[in-house]
Amino acid sequence: MALVDRLVRHRAPTRRSFGEVLRDLLLAQGYTTAMGNADWSRFARDLGDVKYETLRKAVTKERAPSTRVMERVAELLDVEPTVFWEYELAQAQRVFDPRQVGEDQAYANLQKWLRR
């Protein structure tokens, strides 16, 4: 199914932030400190190519998480990046961006979305 079709049909039941979802995933997968809190430092080290400050800013909403960060986080935690609503939003924005998909396709996607 094309992404724009999924966008028309999909409605996320809840909207929890990247940081909230990531915290729960870290706790569930054992990335915890001795006190039982999420171990952000260890997780950032394991990410490798994503710096701690980049992760911290995305988690605290100082900056929006990039698709690259969300994909890398999801890969390390063995989940789909679509677990983050921000990832789905970025995908949706992409299908309407003429620089990404071309003007004709962006217009066609917009028309399809408007007819929903």
One residue is enough: does the range 98-106 have a residue meeting the conditions touching a Leu at 6+ places or on another chain (Cβ under 7 Å), farther than 25 Å from Ala44 by Cβ, crowded, with 16+ Cβ neighbours inside 10 Å and without any contact (Cβ under 8 Å) to a residue 24 or more places away in the chain? no
For Thr67, state whether it is closer than 22 Å to Arg15 by Cβ and without any contact (Cβ under 8 Å) to a residue 40 or more places away in the chain. yes
Against the condition outside any loop (DSSP other than H, G, I, E, B) and within 13 Å of the chain's Cα centre (by Cα), how does Gln100 come out, does it pass? no
Members of the range 21-66 found to be buried (at least 17 other Cβ atoms within 10 Å of the Cβ), assigned to a helix (DSSP H, G or I) and hydroxyl-bearing (Ser, Thr, Tyr), listed by number: Thr54
Of the conditions (1) aliphatic (A, V, I, L, M); (2) modelled with pLDDT under 95; (3) out of contact with any Lys or Arg (no Cβ under 6 Å at 6 or more places or on another chain), Val69 satisfies every one except a single condition; which number is it? (2)
The lone condition Phe18 fails out of (1) modelled with pLDDT of 95 or more; (2) more than 17 Å from the chain's Cα centre (by Cα) is (2)
Members of the range 69-116 found to be under 16 Å from Ala58 (Cβ atoms), among the aromatic types (Phe, Trp, Tyr) and out of contact with any helix residue (DSSP H, G or I) (no Cβ under 6 Å at 6 or more places or on another chain), listed by number: Trp85
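The values are calculated or read from the model by the stated rules, or taken from the named source; none is laboratory data. Please read these numbers as outputs of a predicted model, since none were measured by experiment. When we count neighbours, we look across all protein chains shown, and the Cβ atoms used for this are built from the backbone with ideal geometry, even at glycine.
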